[in-house]
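For reference, the structure is listed below as structure tokens.
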Amino acid sequence: MSGSTALPTSRFHSVFVKSLVFSSIFLPGLSQAQDDFANVVITPVPAAGNITMLMGQGGNIAVSIGEDGVLMVDDQFAPLSDKIKAAISSLGGDAPAFLVNTHWHGDHSGGNENFSDQATIIAHDNVRARLTDPANSRVPESYPVITYADGVSIHFNGEEIRLIHLPNGHTDGDSAIWFTGSNVLHMGDQFFAIRYPFIDLSSNGNVHGLIRNLNNLVTRLPDDILIIPGHGNLSTKAEFVTYVDGVNETAAMVLDRKAAGLSLEAIIEEGLPAEYEQWGTGFISEEAWITAVFNSPNL
Ligand SMILES: [Zn+2]
């Protein structure tokens, strides 16, 4: 339940500015941001096969380390690049040869320019479109050099690594990265474990697209796959199913009430079931989730 009387948009916006865009776009290089990053520790979490997850600050990273070298998925914030390189080195890896961005947000692509002297950056067409937009103030060294519309496979370290575009969910440029031999999937920010996800409406994210993407993907996954969320802990398929079910159920509640004529304020006041209380304790509050669902255009 939500007892707040604050305007949902203002509360959402303050959370958004504070946590997400903060160091990616507006503050890199400022001393306060540098101090914040100075204390970040990059922690390797073994997944399966060739794949290790790296947790630090920002979106989770996946690294594939093997006989062909290193492929990395996402790179957190630019001030963390040296620590990330050190973590890869501690795992026996060299500089990444390939860097994949799950989407354009700065907590996932902020370090691009610090890896691109050695790594070929690969991402969906719309990631490049965002990063090259002068409004986002990114340098050319951060731009993906190989892009795709629907997906592409990289054959590396003895397995097929599938980059699968998931349209208009979290943004309009998200991909899931499926390490088919290692049996590990990096979901990017279409999966917050287990919290309400962020729908970036200003980047053409949409709850209807998110639901379609999740429901299409979940039926294709082996039961023993491990899943790296954009944010949160390494997860089992059962945990991912719990997340998908909760997104389906809570979004349907909001959309049903909207269809019945309730205002956004009334739906926020009524709130979502108590069993979902934990879901609103992360980056996205219950109020922010309801607001994003309510404001998603029909696709
Ligand atoms: Zn994101």
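The values are calculated or read from the model by the stated rules, or taken from the named source; none is laboratory data. All values derive from a computational prediction rather than experimental measurement. Cβ coordinates were reconstructed from backbone atoms using ideal geometry, including for glycine residues, and neighbour counts include every protein chain displayed.
Within the stretch 151-169, is there a residue that is touching a strand residue (DSSP E or B) at 6+ places or on another chain (Cβ under 9 Å) and among the hydroxyl-bearing types (Ser, Thr, Tyr)? Yes, that holds for at least one residue.
For the residues Ile161, Ile177, Ile121, Ile146, the requirement of being surrounded by fewer than 24 Cβ atoms within 10 Å (Cβ to Cβ) and either farther than 25 Å from Ala48 by Cβ or of a type in the set (Val, Ile, Thr) (or both) singles out Ile146. Is there a residue in the stretch 193-204 that is outside any helix (DSSP H, G or I), over 19 Å from Pro96 (Cα atoms), more than 15 Å from the ligand (Cβ to nearest atom) and of a type outside the set (Ser, Thr, Tyr)? Yes, the stretch 193-204 contains a residue that is outside any helix (DSSP H, G or I), over 19 Å from Pro96 (Cα atoms), more than 15 Å from the ligand (Cβ to nearest atom) and of a type outside the set (Ser, Thr, Tyr). For the stretch 205-231, filtered to residues that are farther than 18 Å from Gly56 by Cα and within 13 Å of the ligand (Cβ to nearest atom), the residue that is surrounded by the fewest Cβ atoms within 10 Å (Cβ to Cβ) is Gly205.
Kindly indicate whether any position in the stretch 174-182 is within 13 Å of the ligand (Cβ to nearest atom), touching a Leu at 6+ places or on another chain (Cβ under 6 Å) and not in a strand (DSSP E or B). For the stretch 174-182, residues within 13 Å of the ligand (Cβ to nearest atom), touching a Leu at 6+ places or on another chain (Cβ under 6 Å) and not in a strand (DSSP E or B): present. Does Gly282 fit the bill of being modelled with pLDDT of 95 or more and not basic (Lys, Arg)? Considered against the rule, which asks whether it is modelled with pLDDT of 95 or more and not basic (Lys, Arg), Gly282 comes out as no.
Of everything listed in (1) without any contact (Cβ under 8 Å) to a residue 40 or more places away in the chain; (2) in contact with a strand residue (DSSP E or B) (Cβ under 9 Å, 6 or more places away or on another chain), the single unmet condition for Gln190 is (1). Among the residues making up the stretch 100-150, those that are of a type in the set (Gly, Ala, Ser) and more than 21 Å from Ser202 (Cβ to Cβ) are Gly111, Ser116, Ala119, Ala149.
Annotation note: Cβ proximity below 6 Å between a residue of the stretch 208-222 that is closer than 22 Å to Val254 by Cβ and a residue that is loosely packed, with under 13 Cβ neighbours inside 10 Å (sequence gap 6+ or interchain) occurs for His208/Leu299; Gly209/Leu299.
Mind checking which residues of the stretch 243-271 are under 26 Å from the mean Cα position of the chain (by Cα) and without any contact (Cβ under 8 Å) to a residue 24 or more places away in the chain? Across the stretch 243-271, the qualifying residues are Asp245, Glu249, Ala252, Met253. Within the stretch 92-131, the only residue that satisfies the criterion of being more than 11 Å from the ligand (Cβ to nearest atom), closer than 16 Å to His186 by Cα and not hydrophobic (A, V, I, L, M, F, W, C) is His124. Against the definition (under 18 Å from Leu234 (Cα atoms) and within 14 Å of the chain's Cα centre (by Cα)), how does Ala62 come out, yes or no? Yes: the conditions hold for Ala62.
Among the conditions (1) closer than 23 Å to Leu99 by Cβ; (2) touching a strand residue (DSSP E or B) at 6+ places or on another chain (Cβ under 8 Å); (3) within 16 Å of the ligand (Cβ to nearest atom), Leu234 misses just one, which is (3).
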